[in-house]
Every structure is written in C-alpha cells, then in structure tokens.
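Right, one structure below, let's go through it.
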Amino acid sequence: MPLGTLDRKAPSLFKHGPSPLARLTFYSALALFLMVADARFHVTEPIRNAIGTVLMPIQWVMLKPVEFAQYGAGYYQSLEDAQRGRDEAQSRMAAMSQQANQVELLLQENTQLRQLLELRERVQAEGMAAQVVYDAADPYTRRVVIDRGQVAGVVPGSPVIDASGVLGQVTRVFPLSSEVTLLIDRDQAIPVRNMRTGARGVAYGDPVMSHGGGMELRFMPSNADVQEGDMLSTSGMDGVYQPGLPVARVTKVEKRADSSFSRIYCQPLAQMSGAQYVSVLKPLTDGVRTEVEAEVPAPKSGKADKPQAARDLPGRASKGSRP
C-alpha cells in the first residue's frame, strides 16, 4: 500500500457469505417460485388471511380519520345545500305571497269597479271615473283629493259617488286634481229621502260619531216615522244630487222628552276611509240648464232679452228681477 493513501476495502479475512449478485439471483428465483406456487397451489392463502386478519384493526383505525373527514365535508356540503334550498324556498314563498296579495288587491279593485259600473248604469247623469290619490292634509276636515281637475271637465259642486253610494262633493278644483269634501265633514249637508216612508229631511256630517265619522238626520219631529235600518237616498231637492242615489242607513233613533225633535244617527253607505275608485257626476242643475238652453232658440241680436225659460232657471236671476 503506497504511503499517503487509505485503503477502504475490508480485509479478505472479514468477507463472508455470498456475493450481492448471488443473493439477487436467489431471491428472484424464490419470488418467482412463490408466485407460481401461489398461483397453482394457493400455498400463501392462509398466510395472506392471517396477515389480513392481523392488519384489519390497524386498517380500521387508519381509515377512521379519512371517513371522518369525508363525513364532515359531506355534512357541511349538505348543510350548505339545505340552507341554500331554504333561502330559495323563502324567496319563492315571498314572491308567491306578494303575487297572492296583488291578486287579492286586483280582485278587490275589480269588485269595486264592477259595483261602481253597475251604480253608474243606474245613474242617468253623466260622469267620469277618478281615483283617490290621498287624504287632505287638514286634520280638522274630512276631505280627499282625486286625480281629475279642470282639464278633465270637473266643476265645483260635482257629486262624487263610489260603488256603494254618495261619497261627497267637489269643493275645490285644480287644473289636474280636485278636492272632495266627504259627507261626514261637519260643513256638509245633503237633502235625503226615506226610501221606506218617502219623508224628506236633511242629513248633516258628524265627523266625531264613534270616532269614525257618520251623519245625523236633524230637525225630524219626535213623532216622525223613522226606524233603525231605514235607507236614505238623495231627494234631488238641492238641484245638485240626482234623486235616488244611496246615501246612508239609520243606525240609532233617540226620542227625547225635552225636545220636539228626535236625534237620528246614520251610517254612510260609501267607504269614507277606504274608497279608491270613484265617479264624478255633473251637478243636476247644470244638466237641466244645458237641456233648457238647448231647447230654447238663441236670440237674433245680442241686445235681445233672454228667454223666459232661461230666466226662470234656479240660480240665474235676471238683472231687473228681485233676488
């Protein structure tokens, strides 16, 4: 061995056993023999069963974390799907509820419009349909605002009815809207007629009646034939309301010993707080005046006197006549 070098090989006296090539050949042949023997004679089947039996608990324990992870992932996925399905169901339910409310509202509006149309067919005066926009801002009056005004031909004093009866009267007109004073306002009065007896009277508004508003039939004698449940309609004596329009129903009759008049409370038939669609009629006097002026021929000269029929109309007194 030369100086300065280190021999890393083991001495020959420590070399024992076969060489690596011989071991590789032996083990390869053994593996081939075992495979052939197992395939032909199943010699390793008991050994395989024994090893599988011994390793089964270990395999079960090792697979549990994987199963727990898969179960947890599936649980959270199913929980997320359930929550998503719940949200979708709630959204569909809300949409269906909104549609149901819209259908119910449309049915109510359809019913009101049908009733209003039936009442307008019974009424001979011309009228136009209108919609209640909002209530008036004045808390001391009972008024509503409709979406028809001077442009549509509404004039002050026009009667307003809904599907059930007389609602009120137009008291202020704007270009695109009008203000309607309800019958229950304290400043409103309407001539009425008892449909059962034919007796005439005047009904006044009573906004405080039962905190919901009503009417009172005043100046009726104590011996007048008025009963609870009697229906009141317009008499047409004022020249504004067409006769026969339903107004109110008598709800209470008080006969006082200290007074010669009875106190009669009435409930309006129209929806004073819930009317949505109404019909604006032309005042009866204007209709009569129009018909009479159409029948009377016009004078040839502008200085000619007016016809006697036109001078005799209510509310149109001539200059030479006394009021």
Original post:
Going by average Cβ neighbours within 10 Å, how do the peptides 233-242, 218-227 rank, with the highest at the top?
Top reply: 233-242, 218-227
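Output the peptides 182-189, 29-36, 258-265, 160-167 sorted from most to least packed, where packing is the average of other Cβ atoms within 10 Å over each peptide's residues.
On the way: 182-189: 20.5, 29-36: 10.5, 258-265: 14.2, 160-167: 24.0.
Taking the mean over residues of other Cβ atoms within 10 Å, the ranking is 160-167, 182-189, 258-265, 29-36.
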**OP:** Measure off 7 Å from each Cα along the Cα-to-Cβ vector at residue 38 and residue 271, then give the distance between these two points in nanometres to one decimal.
**Re:** 8.9
Original post:
Once amide H atoms are placed 1.01 Å from N in the peptide plane, what residues at a sequence separation of 5 or more from residue 203, or on another chain, have their amide H within under 5 Å of its amide H?
Top reply: 190, 192
Subject >> All-pairs Cα distance distribution in segment 43-97, expressed in whole percent, bin size 5 Å >> reply: 5, 16, 11, 10, 9, 10, 7, 7, 6, 6, 5, 4, 3, 2, 0
Original post:
How large is ³J(HN,Hα), in whole Hz, for each residue of segment 274-279 in order, when computed from phi with the Karplus curve 6.51 cos²θ - 1.76 cosθ + 1.60 and θ = phi - 60°, using x for Gly and Pro?
Top reply: x, 5, 10, 10, 9, 10
Subject >> FRET efficiency for residue 256 and residue 189, using Cβ-Cβ distance with R0 set to 30 Å, rounded to 0.05 >> reply: 0.90
Original post:
How would you rank 81-89, 197-205, highest first, on the average number of other Cβ atoms within 10 Å across their residues?
Top reply: 197-205, 81-89
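Values in this text are rule-based calculations from the coordinates and carry no lab data. In this text the structure is predicted, and so the values were computed from the model without any measurement. Note that each Cβ is placed from the backbone with ideal geometry, even for glycine, and that neighbours are counted across all protein chains shown.
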